[in-house]
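The values are calculated or read from the model by the stated rules, or taken from the named source; none is laboratory data. It should be emphasised that the depicted structure is a prediction, and the values quoted were computed from it without experimental measurement. With ideal geometry, Cβ positions are generated from the backbone for all residues, glycine too; neighbour counts draw on all protein chains shown.
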Amino acid sequence: MDEVERFRLADEQARLLGDDAMLRPLKVSELLDISPRTLEAWRRRGRGPKWSKIGGRPVMFLGDLRAWLRNERLSKGICAN
């Protein structure tokens, strides 16, 4: 699966939930079709979607994932449709 298709798939799956839904790293890596280790490396380097910590554990709000996907598509010139 190429990068364009990965972003589209993640965005389609994300549309089924509300922006306040909390996602754990494993779910985010599944949605983005990347390994959990890649996602962890992105988080450590300040790349990728915005993270929060709740109870000392990393979580992502779906609205932040959506915003990041939109920005990635725009920066790469990928059509939103």
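Just a few scattered comments:
- Every residue from the range 46-71 that is charged (D, E, K, R) and touching a Pro at 6+ places or on another chain (Cβ under 6 Å): Asp64
Yes/no per residue for (1) aliphatic (A, V, I, L, M); (2) surrounded by 15 or more Cβ atoms within 10 Å (Cβ to Cβ); (3) at pLDDT below 90:
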| site | (1), (2), (3) |
| --- | --- |
| Pro25 | no, yes, no |
| Ser29 | no, yes, no |
| Ser35 | no, no, no |
| Leu39 | yes, yes, no |
| Trp42 | no, yes, no |
| Arg45 | no, no, no |
| Pro49 | no, yes, yes |
| Leu69 | yes, yes, yes |
| Glu72 | no, yes, yes |
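- Residue pairs meeting the criteria (Cβ under 7 Å; at least 6 apart or on separate chains; first part of a strand (DSSP E or B), in the range 43-63; second β-branched (Val, Ile, Thr)): Ser52/Val59; Met60/Val28
- Selected residue (only one of Leu39, Leu17 is closer than 23 Å to Asp2 by Cα and either part of a helix (DSSP H, G or I) or among the hydrophobic types (A, V, I, L, M, F, W, C) (or both)): Leu39
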